[in-house]
Amino acid sequence: MKKIGKYSFGIGDRFAHQGNAQLSALQKARKGGIEVTPVWNKSNREHHYVLSNPADTRKEADQAVKELGYKGDYCVDADHINLGNVEGFIHSSDFFTIDVASKIGIPATTDEVGSFIASCSAYTGQLNIPNITHPFLVDGDMLKKIADKFLTAITEAGKIYRFIADHKGSDNFVTEISMDEVESPQSPVELFFILKMIADQKIPAQTIAPKFTGRFNKGVDYAGNVSMFAKEFEEDILVIDYAVKEFHLMDNLKLSVHSGSDKFSIYPEIQRIITKYDKGIHVKTAGTTWLEEVIGLAVAGGEALKAAKSIYVQALSRKDELCAPYADVIDINPSQLPSPEEINGWNSEKFANTLRHIPGHPDYNPNFRQLIHVGYKIAAEMGTYYTDLLKANSDIIGQCVEENLYDRHLKRLFKL
Ligand SMILES: [Zn+2]
């Protein structure tokens, strides 16, 4: 079976122009002794807005690998797919992020719930997970609640997995299960029984993306209690370790952190915990590359800076429309957004410094950054005007993309 490496990075790219720069950042990490598998990911939603298709992502990945002479493994991820849209990704993808968030909370039949509860009898009472100091108290009520919440979703994941396996061959792809795009986080004990359901469905999941405590807003730092996150993250890792043995799941099953770019304040904790238990990690960082494109355009100046300003000004006038699909993953304070008049007076440096994620920089504005994050639809509407500017300024932009991924992300996460 195609197995994902211990460390992997989701390097999404809205407009498919930064494959080389992204891969180059990972090659730099490789030279530093840390092998991180590149996974080019793009969701159906992004394809829809950008008017691209899954074959474009495959083309970008293959081309970057060829041009840079990269010899390691890599994947193309059909990100957040469901039964309704998976078909279009079958041919070009070899990593599938099965998203069943929309089925969470839909109760299964009484029979299904009953037999799930019965199958868990060995874990009722005091459930002790090795290396977690406190036992979890598990009773029938708790199991029923967990089954009511998650059984339908994981049954659906089984259907999607089998659809992919039937069409692609079960050995030819990596499976991720994602439940991150929901309101409330899953607790470690919930994760344990979710993993039992995944095993019951015979899904050979290699990565799992729960929703963690705190806010994972797009393109900006973690907002929440870092020590609470660390406790939960550590327990999740231990739960996975135990579940792999108990339920015979894939032995390389690891956590996947969605909206994982720019979460600088939790990277040291993630680093510490995966090192402590010698575990792998997958981190999705898609949106941060698009932001670097806009930074690169601003730095380039002239027409490119004008385009960067225009993206912001248009995004501001269509704020509600652009923010709506991302309500759970952005947090913009409108009073902190600069006016179009203000922006007009900015030079390259001021625009780039306001957008670039350097914590503590006096010009950095996370509200401005999040609005541009959701504004890629505007760039998509600009069509070749935008992509021609990407081509004309590819050196400057490529440097921004590579530096961001390597210096601000990989270095911090893997202590390079
Ligand atoms: Zn996600």
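We did not get these values from a lab; they are worked out from the coordinates using the rules stated. Everything numeric in this text was worked out from a predicted model, so none of it was measured. Here the Cβ positions follow ideal geometry from the backbone for every residue, glycine too, while neighbour counts run over all protein chains shown.
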Within the range 118-219, list the GluC sites (Glu not before Pro) lying in a DSSP loop whose Cβ has at most 16 other Cβ atoms in a 10 Å radius.
-> 183
Take the Cβ-Cβ distance between residue 124 and residue 412 as r, set R0 to 51 Å, and report the resulting FRET efficiency rounded to the nearest 0.05.
-> 0.75
Measure out, as a whole number of angstrom, how far apart the alpha-carbon centroids of the range 373-388 and the range 168-223 sit.
-> 31 Å
Taking 0.36 nm per intervening residue step and subtracting the Cα-Cα distance, what contour gain separates residue 228 from residue 350 on full extension?
-> 40.3 nm
Computed over the chain: longest principal axis from alpha-carbon atoms vs helix 394-403 long axis, angle to nearest 10 degrees, is 40 degrees
Extending each Cα 7 Å along its Cβ direction at residue 303 and residue 275, get the distance between those two points in nm, one decimal.
-> 4.8 nm
Tell me, how many Å apart are the Cα centres for the range 255-323 and for the range 389-416?
-> 11 Å
When the Kirkwood radius is taken over all Cα pairs of the range 163-261, what Stokes-Einstein diffusion coefficient follows at 4 °C and 1.567 mPa s, in µm²/s?
-> 90 µm²/s
Using θ = phi - 60° and Karplus 6.51 cos²θ - 1.76 cosθ + 1.60, couplings along the range 344-357 (whole Hz; Gly, Pro as x) = 4, x, 6, 8, 3, 4, 5, 5, 5, 5, 6, 8, 5, 8
Kirkwood-based Rg over Rh for the range 332-382 (C-alpha set), two decimals?
-> 0.97
If Lys and Arg each add +1 and Asp and Glu each add -1, what is the summed charge of the other residues whose beta carbon sits under 12 Å from the beta carbon of residue 104?
-> -4
Listed peptides 1-13, 24-36 by packing density, highest first (mean Cβ within 10 Å) | 1-13, 24-36
Scan around residue 257 for amide H atoms under 5 Å from its own, H built in the peptide plane at 1.01 Å from N, and keep only partners 5 or more places away or cross-chain.
-> 282, 283, 284
To the nearest 10 degrees, how steep is helix 54-67 against the longest Cα principal axis of the chain, on a 0 to 90 scale?
-> 70 degrees
Arrange the peptides 332-344, 192-204 so that the one whose residues have, on average, the most other Cβ atoms within 10 Å appears first.
-> 192-204, 332-344
Starting at the first residue of the range 364-377, write each ³J(HN,Hα) from the Karplus equation 6.51 cos²θ - 1.76 cosθ + 1.60 with θ = phi - 60°, in whole Hz, x for Gly and Pro.
-> 4, 10, x, 6, 4, 5, 5, 5, 5, 3, 7, x, 5, 4
If each of residue 170 and residue 320 carries a label point 7 Å out from its Cα toward its Cβ, how far apart are those two points in nm?
-> 5.0 nm
Alpha-carbon Rg with Dmax, taken over the chain, Å | 21.5, 68
So the angle from the long Cα axis of helix 110-119 to the longest Cα principal axis of the chain, reported in degrees to the nearest 10, equals 80 degrees
Estimate the FRET efficiency between residue 246 and residue 336 by the formula 1/(1 + (r/R0)^6), using the beta-carbon distance for r and 51 Å for R0, to the nearest 0.05.
-> 0.60
Want the number for residue 388 to residue 68: 0.36 nm per residue separation, take away the alpha-carbon distance, what's left?
-> 112.9 nm
In terms of the ratio Rg/(2.2 N^0.38 Å) built on C-alpha atoms, what value belongs to the range 238-336?
-> 1.55
Per-residue HN-Hα couplings for the range 303-316, Karplus 6.51 cos²θ - 1.76 cosθ + 1.60 at θ = phi - 60°, whole Hz, x for Gly and Pro?
-> 4, 5, 5, 4, 5, 4, 5, 5, 4, 5, 4, 5, 4, 5
